[in-house]
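Here is the structure we will look at.
The values are calculated or read from the model by the stated rules, or taken from the named source; none is laboratory data. Because the structure is predicted, anything quoted here is derived from the model rather than measured. Neighbour counts run over all protein chains shown; Cβ positions are idealised from the backbone, glycine included.
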Amino acid sequence: MRTALIDSMHHLLPLAASSTSARPPINPFDMIPWGFFVVIMIANLVFMAGAAVVGYHIAKKYQIEPWLGAAAGFFLTWIGILIVFLIGNSQQQSRERKEREQQYAAWWNANYGPQAQQQQSPYAWPGQPAPPNQQGGPRPHA
């Protein structure tokens, strides 16, 4: 058995040698000139600067810090612009809602007179007393 394996080795060596290549593997970066990468990087910087300008103007429109909009636009591009827009739009809607509430309160006071203000409690609905251990004084021992 051992001699049969040794005798057949000279047939296996050429098969093993034929599978290896004398040429090194191809490097994909050697096929593309470096100028291509420079053009891509410059185009990316121009795109990011444009996104920063858009973020700056959206933030300025919605009365957010303009540098925050520019930074979000530059570093996060489309997602940053969307974040600045959504934050600014929600703040603008909140301001408009408060303004409508004040206009309605002014109209109500002009037509029906001022309403008595109830003291607001941080615990629940107006007028509800605070829990016993929150009214001051020492807490009861358990």
**OP:** Please verify whether segment 23-36 includes one or more residues that are modelled with pLDDT of 85 or more and of a type outside the set (G, A, S).
**Re:** yes
Original post:
Which one of the conditions (1) exposed (fewer than 13 other Cβ atoms within 10 Å of the Cβ); (2) at negative phi; (3) modelled with pLDDT of 85 or more does F74 fail to meet, given that it meets all the rest?
Top reply: (1)
**OP:** Kindly establish whether A105 is at pLDDT 90 or above, in a helix (DSSP H, G or I) and surrounded by 12 or more Cβ atoms within 10 Å (Cβ to Cβ).
**Re:** no
Original post:
What pairs can you find where one residue is in segment 34-52 and touching a residue at least 24 places away in the same chain (Cβ under 8 Å), the other is of a type in the set (S, T, Y), and their Cβ atoms are less than 8 Å apart, with a gap of 6+ or different chains?
Top reply: F47/T77; M48/T77; A51/T77
Original post:
Taking interchain pairs and intrachain pairs at least six residues apart, which have beta carbon atoms under 9 angstrom, with the first residue in segment 87-98 and in a helix (DSSP H, G or I) and the second surrounded by 11 or more Cβ atoms within 10 Å (Cβ to Cβ) and of a type in the set (S, T, N, Q)?
Top reply: G88/Q63; Q91/Q63; Q92/Q63; R95/Q63
Original post:
With A52, A105 as the choices, which residue is within 26 Å of the chain's Cα centre (by Cα) and of a type outside the set (S, T, N, Q)?
Top reply: A52
